[in-house]
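Scroll down for the structure; my scribbles are underneath it.
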């Protein structure tokens with residue numbers, strides 16, 4: 001799933017915002033806070049950050065995100081794994097992530113076209129637990145989760161747009 005927005009700000013300003021891993025916690029109802037791991041202080045290929053999340057249906061959990069794509073002022077992507085083994089078991093693996101997230105920036109007119117996308121799976125996630133508890137409603141559960149994710153992405157994009165344009 002993907003959503004996009006036109007931001008009346010140059011790519012360097014938009015890039016500064018999308019690569020600030022702390023910003024989404026200010027714009028999300030689910031992601032509560034993040035912190036870099038292993039001494040990282042900014043995005044780099046292979047860098048990781050810890051996310052603290054909360055959802056009314058599944059409670060609180062932590063994830064580890066691993067930066068997998070980084071093309072300056074163009075693409076910032078990461079995969080998410082289950083830090084505590086709550087959803088995926090003790091062998092959570094970045095090659096089988098719970099989800100993959102990506103920001104893409106494209107210069108357009110006097111601003112930037114910003115696109116955010118998410119792919120759920122291949123690994124297990126909180127969504128898996130909810131489906132496990134009510135498998136006959138899998139289709140409905142997935143549809144509700146996709147609506148929640150779309151809403152969160154749209155909110156984040158609006159927030160980034162507002163911040164970028166205010167600074168301009």
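Read-outs throughout are calculated quantities, based only on the coordinates presented, and are distinct from any laboratory measurement. The structure presented is a predicted model; accordingly, all values stated were derived computationally and were not measured. Methodologically, a virtual Cβ is constructed for each residue, glycine included, from the backbone with ideal geometry; neighbour enumeration extends over all protein chains shown.
Here the gap between residue 19 and residue 50, fully extended at 0.36 nm per residue and compared with their Cα-Cα distance, gives a gain of 9.7 nm. In a fully extended conformation the segment linking residue 106 and residue 140 would gain 8.8 nm over its present Cα-Cα distance, using 0.36 nm per residue.
Please report, in whole Å³, the volume per residue of the convex hull around the C-alpha atoms of region 25-118.
116 Å³
For the chain, averaging the sequence separation of C-alpha pairs within contact (under 8 Å, six or more residues apart) and dividing by the residue count gives a relative contact order of 27 percent.
Computing FRET efficiency as 1/(1 + (r/R0)^6) for residue 74 and residue 8, where r is the C-beta to C-beta distance and R0 is 22 Å, gives about 0.75.
Separation of region 144-168 from region 1-41 is 10 Å, based on Cα centroids. Using a basic spin-label model with each label point 7 Å from the Cα along Cα→Cβ, how many nm lie between residue 40 and residue 162? Here the modelled spin labels are 2.8 nm apart.
Estimated from helices alone, the mean residue ellipticity of the chain at 222 nm is -9500 deg cm²/dmol (sum of -39500 (n - 2.57) over DSSP H runs with n ≥ 4, per residue). Hydrodynamic estimate: the Kirkwood radius of region 2-167 over Cα pairs, inserted into Stokes-Einstein at 10 °C and 1.306 mPa s, corresponds to D of 97 µm²/s.
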